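Scroll down for the structure; my scribbles are underneath it.
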Amino acid sequence: MIVLGIESSCDETAVAVVKDRKEVLSSVVASQIDVHKEFGGVVPEVASRIHVENISYLIEDALKQAHLTMNDIDAVAVTKGPGLIGCLHVGVQAAKTLAFAFHKPLVPVHHIAAHIYANELVTDLHYPVLALVVSGGHTQLIYMKEESSFEILGQTQDDAIGEAFDKVARVMDLGYPGGPKIDKLAKQGKNIYPLPKPKAKGKYDMSFSGLKSGVLQFTKRCARNHETYNDADLACSFQETALNEIFDKIRLILDDYPDIRHFVVGGGVSANSRLREKVEELKDEYPDVTFTVPPMACCTDNATMIAVAGTIAYEHGVRGDASLTADSSWEI
Ligand code: KG4
Ligand code: ZN
C-alpha cells in the first residue's frame, strides 16, 4: 500500500510517500526556521502563508522523487491536529483536493500518534507500548495496550519540555530554536547550579514552568549581584533537571506496569543527545523491555511519520470525507 502523507501543523511543510508502512519512497521538508528565528519563535500567520506558498511544490517534488504519479497512490494522509489552526488548514485542504480529484481515500492523522509511529521505521512495535512524546507543544507518557489504542498516563501540567528548552534558550540569548543550542552547550557543562526541582500533582504528571522560571530568577540574581555564571553549566543544569523529571516518571510507570514490552520516544526533543543517553541507561535497568528511539531525521516534524500513521489508521478503518476539517486541540 502506497500512502502520500502531508504535514503542516507548525513551521515545517512536509510531504512524503511511504510503501507498506516501512519503505520511504520520498520525503521532502521545507523548514521555516530561518524566517521565524528573526521573531524568536513561530509567528502563526506568517507560518500559514508560507505553507500555502510551498505545499504544491512539495507535493510535486515528493511524487517526482518517488518516480510516481497520483495514479500510483493508494491513500492520502494528512495531519488533522493538534497544531496551529491556520497551518493545519493548508495541509487539510491540499489533501482533500488531491483525494477527491484523484478518487483516493483520505485519512486524517493525529500528529502525536504520528510521532509515536515514526518508530515503525526502525522496528515493529511490541505491545503493550509505553510512548514518551516530547515536542514543542507536548510532553506526554502514553500507554498503548495495542495498536491504535492510546491512554495518557501522565503529561505536563504547564509548559511542554520543548517550549521550556526554547524559553530558557531565549533567556540565555542562544537563539531559536533553543533545544539544539542547549543540547550542544550542555555537553561542555556540569550540573552544578541548584535549580528548583519540578513538582507535579499527579503521580505520572510533569511540570517545567517552575524550572524555567528558576533559570530566569537565577540569571537575574547573578545580574543584580554582578556575578557571572557559566553558560554551559547553566544549560547542563537545566537540561539535567528537566530530563530527570521525565525519566523519574518513566521509571515509576515501568515499575507499575510490568506488562509493558516496548518503550518508544517521539517528537522534536527526542533528537536531544542527553535524552538518548538516558534511554540507553534504561536498557540496563529494564532488560525485558525493548527501547527504540526514531532516526534523527524523523524526530522533528516530517511527513514520513504522517504517511506511516496514515497507513496504520487506514488499516484500522479511519477515513475522512468532504467534512474533514483541522482541529488545533484534537485529543489523541
Ligand atoms: O516535534 P517538533 O518538531 O514540533 C512540535 O510538534 O512541537 O518539536 C520541536 C521542538 C522545539 O521546541 C525544539 O527546540 C525541540 O523540539 N528540539 C530539541 C532538540 N531538537 C529539537 N530539544 C532539545 N534538544 C534537541 N536536540
Ligand atoms: Zn511535532
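What to note about this one:
- Cα convex hull of region 29-72, projected area averaged across orientations, nm²: 3.5 nm²
- Judged by the mean number of other Cβ atoms found within 10 Å, the most tightly packed of the peptides 286-299, 131-144, 71-84, 204-217 leads the ranking 131-144, 71-84, 204-217, 286-299.
- Computed log₁₀ I(q)/I(0) - Debye formula, equal Cα scatterers, no solvent, region 124-293, q 0.15, 0.20 Å⁻¹: -0.80, -1.30
- The chain - mean residue ellipticity at 222 nm from DSSP helices (-39,500 (n - 2.57) per run, n ≥ 4, rounded to 500): -13000 deg cm²/dmol
- Rg/Rh for region 1-125 stands at 0.96; both radii use Cα atoms, and Rh follows the Kirkwood definition.
- Normalised contact order of the chain, rounded percent, pairs of Cα under 8 Å and 6 or more residues apart: 26 percent
- Summed side-chain charge close to D61 - residues other than D61 whose Cβ falls under 15 Å, Lys, Arg +1, Asp, Glu -1: -3
- D (Stokes-Einstein, µm²/s), Kirkwood Cα radius, region 220-332, 0.692 mPa s at 37 °C: 185 µm²/s
- Cα-based Rg of the chain normalised by 2.2 N^0.38 Å, two decimals: 1.01
- Given K220/K283; K37/K249; K197/K278; K145/K187, the pairs whose alpha carbons are separated by over 29 Å: K220/K283; K37/K249; K145/K187
- Centroid-to-centroid separation of region 1-55 and region 276-332 [C-alpha atoms, Å]: 16 Å
None of the figures in this text is laboratory data; all of them are computed from the coordinates on show. Given the structure is predicted, the values throughout are model-derived calculations rather than measurements. Ideal geometry is used to build each Cβ from the backbone, glycine not excepted, and the neighbour counts take in all protein chains shown.
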